[in-house]
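**Q** Here it is, the structure in full.
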Amino acid sequence: MIAESVQLKRALISTYDRGGLIEFAGALQDLEVELVSTGGTGRAMREAGLSVTEVAQVTGFPEIMDSRVKTLHPKIHGGLLGVRANEEHMATLEQHGIAPFELVCVNFYPFESAISKPGCSLAEAVENIDIGGPAMLRSAAKNHRSIYVVSSPAQYPETIERLRADGGHIDSNYGMRLAIEVYRMTSRYDGAITAYLAAQAGLPS
């Protein structure tokens, strides 16, 4: 079933694990989707010959604080959270020059991998706590009726297959499946951070 006849036109991609990324992004570009990305991910895609719009071009603001702040901006989250069926939301997006996204592809800094390394300090662990990634996924998952929120390379093949079969439209049932997996993943991720920090402080997790 096609939900609200939402056509995929714009994708936001920011990944740490880049396995399968180029093939996935290339398939999206073949579907005439605009690719918007953060620094390292964008460079990888451009080096592979893909056309990419930098997040900083969208926000009008550079990545700052060692990339701690790059996607936490109304022009990103407004594009993720605007409800298509809400006329006020759509008018607000137009008023502020915000274009919506119909697909978000994000995976996290490897917190659990980092803390498993011998000698990992508290400071190093904290630097591997992802903020922008979970925020983007949660925003997009909340709006799953009109956004595919892709949180794992394992989801790339089915997502592309469905988009091709549906003429690039968003299927709300599949969107909900992807959203559920996002909330499972962010729950596990936050649980790992909580357990680690509690152990450092000598508190129960």
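The values are calculated or read from the model by the stated rules, or taken from the named source; none is laboratory data. Bear in mind that the values here come from a model prediction, so they are computed numbers and not experimental data. When we count neighbours, we look across all protein chains shown, and the Cβ atoms used for this are built from the backbone with ideal geometry, even at glycine. Protein only, heavy atoms only, side chains kept; ligands, DNA and RNA dropped before computing areas. Shrake-Rupley method; radii C 1.70, N 1.55, O 1.52, S 1.80 Å.
**Q** Name, by its number, the condition in (1) among the β-branched types (Val, Ile, Thr); (2) open to solvent by 40 Å² or more (accessible area, probe 1.4 Å); (3) part of a helix (DSSP H, G or I) that does not hold for Val83.
**A** Val83 satisfies every listed condition except (3).
**Q** Follow-up question, since we're still on this one. The conditions are (1) open to solvent by 40 Å² or more (accessible area, probe 1.4 Å); (2) under 20 Å from Asp30 (Cα atoms), and Glu124 fails exactly one of them. Which is it?
**A** (2)
**Q** Identify all residues within the range 3-30 that are outside any strand (DSSP E or B), open to solvent by less than 20 Å² (accessible area, probe 1.4 Å) and not polar (S, T, N, Q); write none if there are none.
**A** Ala3, Val6, Leu8, Leu21, Phe24, Ala25, Gly26, Ala27, Leu28
**Q** Something else about it: So the check is Cβ under 9 Å with 6+ separation or different chains; which pairs have a first residue in the range 26-51 that's more than 16 Å from Arg164 (Cα to Cα) and a second one that's acidic (Asp, Glu)?
**A** Val36/Glu54; Ser37/Glu54; Thr38/Glu54; Thr38/Glu63; Gly39/Glu54; Gly39/Glu63; Gly42/Glu54; Ser51/Glu34
Here's the yes/no breakdown for (1) polar (S, T, N, Q); (2) open to solvent by less than 40 Å² (accessible area, probe 1.4 Å); (3) at negative phi:
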{"site": "Cys105", "(1), (2), (3)": "no, yes, yes"}
{"site": "Ala114", "(1), (2), (3)": "no, yes, yes"}
{"site": "Lys142", "(1), (2), (3)": "no, no, yes"}
{"site": "Ser146", "(1), (2), (3)": "yes, yes, yes"}
{"site": "Tyr174", "(1), (2), (3)": "no, yes, yes"}
{"site": "Ser187", "(1), (2), (3)": "yes, no, yes"}
{"site": "Ile193", "(1), (2), (3)": "no, yes, yes"}
{"site": "Tyr196", "(1), (2), (3)": "no, yes, yes"}
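**Q** Does Glu4 satisfy being charged (D, E, K, R) and modelled with pLDDT under 90?
**A** yes
**Q** Let me ask something additional. May I ask you to verify whether Arg145 is more than 21 Å from Ala25 (Cα to Cα), among the basic types (Lys, Arg) and in a helix (DSSP H, G or I)?
**A** Against the criterion (more than 21 Å from Ala25 (Cα to Cα), among the basic types (Lys, Arg) and in a helix (DSSP H, G or I)), Arg145 does not qualify.
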